[in-house]
């Protein structure tokens, strides 16, 4: 377990040597004990164990922090830390405010990103986390831009701070288990409202699985952010940072889709192209806004698949060429896939109770060509769509698509 004393020892010359030796082993969690025992031959036991633990955490942190191999971490704070691309995007929205208060700053992932756009006052009750922040700020050369302060976010300043901004990232595992309600965050999300009334703009990071009813009464914008095709987080934007009511953002980019009232969209049978909206678009409730932008229709009012006769590239949806669409019948689907020489099969579904692994087993395909099947509903009826995934920037002429037949067969 990392302590202020062991962190100080890691920052010493012998600590740096121990870290270099530990990292050279590229250790995983299961390597902690044997690696620590090996390091103990050259270093004190506490330092050896701390170096082994940091090497393991640094390896885990690489997908979040470009400088991970020089930074310092503790497990809980690393798990909650924001990936650098998201932190930098969010900092950009706060760039017109100064200073920026990073409340409950943790090990400093967000404070470091914010420090690139404005001076940051980073507070936390945990002394160790403030030491981690100071060490990490030194690593990236931002010590002069970040001021660590041991303070309680529950005690906001009793005056307005014109021009200032704040970032609030409450703990979502206060008792070791994931909190499912914003009222169980630590500190509770309601604290953000007090701070929002005292600064020009505030951003509050929350779980992307938030119950939207819990934040419906807040005067803010809610944004859902996807990175690399995965929904990663949600943010509430207050004050001057509010821009609309709902936003879906896709990274890298950034690409943002903003909407208020969803338009009416026609229903249609399967067409030449199928669009699967980004999870950020779906979670933000902007599927019909995206449909209007694409000139697309819906297959079903309750299903977030869109269809169009025209292929339109864009960041907010994955596109597929539809080879054939049919009412779902196992025997018929099997025959068609076998005629196409399909073997390895990817099954995507929305609005279907069939488990992909069960379908793959029941089809018993033996071909060599890879294929993709989408299970969904068309006007409330179960359908199977055989599709070709279209990669971003890919020409249909280079896709070697499956042989197409009349699009919709009855």
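The values are calculated or read from the model by the stated rules, or taken from the named source; none is laboratory data. If you're wondering where the values come from, they're calculated on a predicted model, not measured in any experiment. No Cβ is skipped: glycine too gets one built from the backbone with ideal geometry, and neighbour counts run over all protein chains shown.
From the list 206, 140, the lone residue that is in contact with a helix residue (DSSP H, G or I) (Cβ under 8 Å, 6 or more places away or on another chain), surrounded by 13 or more Cβ atoms within 10 Å (Cβ to Cβ) and within 28 Å of residue 285 (Cα to Cα) is 206.
Which one of 263, 270, 277 is surrounded by 19 or more Cβ atoms within 10 Å (Cβ to Cβ) and over 24 Å from the mean Cα position of the chain (by Cα)? Break it down stepwise before answering.
On the way: 263 fails: surrounded by 19 or more Cβ atoms within 10 Å (Cβ to Cβ); 277 fails: over 24 Å from the mean Cα position of the chain (by Cα).
After applying the criteria, what remains is 270.
Among the residues of segment 291-302, just one is buried (at least 18 other Cβ atoms within 10 Å of the Cβ) and in contact (Cβ under 8 Å) with a residue 60 or more places away in the chain, namely 299. Residues in segment 56-81 that are buried (at least 24 other Cβ atoms within 10 Å of the Cβ) and at pLDDT below 95: 1 in all. Hey, any hits in segment 144-166 for a residue that's over 23 Å from the mean Cα position of the chain (by Cα), part of a helix (DSSP H, G or I) and assigned by TED's automatic domain parsing to the domain that holds residue 91? Yes - at least one qualifying residue is present in segment 144-166.
Condition check ((1) over 21 Å from residue 146 (Cα atoms); (2) over 22 Å from the mean Cα position of the chain (by Cα)) across all residues:
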| site | (1), (2) |
| --- | --- |
| 30 | yes, yes |
| 53 | yes, yes |
| 60 | yes, no |
| 65 | no, no |
| 89 | no, no |
| 92 | no, no |
| 97 | no, yes |
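Count of segment 102-119 residues, restricted to those that are part of a loop (DSSP other than H, G, I, E, B), at pLDDT below 95 and in contact with a helix residue (DSSP H, G or I) (Cβ under 7 Å, 6 or more places away or on another chain), is 4.
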